[in-house]
1. For the chain, with a Gaussian network of springs between Cα atoms less than 10 Å apart, report the residue from V180, V206, V118 with the top mean-square fluctuation.
2. I need the calculated FRET efficiency for the pair L31 and L204, taking r as the beta carbon distance and R₀ as 30 Å, to the nearest 0.05.
3. How many percent of all Cα-Cα pairs in the chain sit more than 24 Å apart?
4. Between L181 and F56, what is the spin-label point distance in nm, taking each point 7 Å from the Cα along the Cα→C-beta axis?
5. Check each of the trypsin sites (Lys or Arg not before Pro) in segment 139-222 and keep only those in coil by DSSP with at most 14 other C-beta atoms within 10 angstrom; list them in order.
6. Going 7 Å from the Cα of S39 in the Cα-to-Cβ direction, what parts of segment 129-143 have a backbone nitrogen less than 16 Å from that spot?
7. Magnitude of the Cβ-charge dipole of the chain, K/R +1 and D/E -1, about the Cα centre, nearest 20 debye?
8. Among M192, Q48, H108, whose Cα lies farthest out toward the positive end of the dipole of the chain, if unit charges sit on the beta carbon of Lys, Arg (+1) and Asp, Glu (-1)?
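A short reminder: the numbers here are calculations on the coordinates, not readings from a lab. What you see is a predicted model, and the numbers here were worked out from it, not measured in a lab. For neighbour counting, all protein chains shown are included, and Cβ atoms are generated from backbone atoms with ideal geometry for every residue, glycine included.
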Amino acid sequence: MRSYQPMAHIHLEDGSFSLSWVIVWWIVALLLIGVALWSLRSRGTKNQKRITIAAFVAAAAFAVFQINIPLFGGVHLNLTPLIGILVGPVLGTLVILVINILSAAIGHGGWGLVGANVLINLIEVIVAYLIFRGTRSIIPDLFSRAGIATFVGLFCGNLVMLGIILVSGIQGVTQTTGQVLTGLSLIIAVNMGVAVIEALLTGLIVRYIGKIRPDLLGETKA
């Protein structure tokens with residue numbers, strides 16, 4: 001089986017998915033990107049601070065995304081949940097798009113898979129954002145809340161990755177669906193081990209930001 005390489009991101013060359021599925025995932029991604037752009041435009045200049053933060057997290061996430069940790073065939077951190085926590089799903093959508101385009105440009109996955117990968121990472125952004133915001137009253141501790149949001153967000157991203165690969169199918173792969181599912185399940189297990197590390201790291205970052213600039217987390221009025 002070809003390598004899918006953690007974290008939840010499809011690391012396959014162009015031609016791995018049939019053209020029809022490449023188009024399907026791109027269309028869905030473009031629709032969501034269009035909604036994000038419309039929402040951003042409707043808010044006008046109120047988002048200037050968030051846009052600046054989005055630029056910083058895009059640069060940081062792209063840099064971290066390219067660092068390969070030589071474990072289990074190579075793993076890396078995403079920081080997608082942190083993107084969701086800091087800038088939300090609207091700007092997060094655009095950040096994810098930029099990161100995936102730049103990654104494809106340097107050979108980190110095929111161009112045809114950018115649409116599918118945007119969807120995977122966007123799920124991580126949205127889930128982490130919703131959990132971090134939604135559990136504020138029951139989990140006041142920033143470290144715990146960010147860590148839980150990160151882990152659950154990455155878990156959901158892995159499930160979406162699994163679903164996209166199984167639905168799309170991999171051209172040129174001779175394994176049965178059961179064999180592919182078994183291989184992907186092992187990869188997801190490794191991913192979730194790395195997700196624990198990312199959850200701890202994100203928790204520390206968010207707790208630090210909460211101490212010096214709580215307004216960036218929406219914990220106090222800016």
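1. It is V180.
2. 0.25
3. 41 percent
4. In this crude spin-label approximation the distance works out to 4.5 nm.
5. Sites meeting the loop and neighbour criteria: K221.
6. The answer is 129-134, whose backbone nitrogens lie closer than 16 Å to the label point.
7. 840 debye
8. Q48
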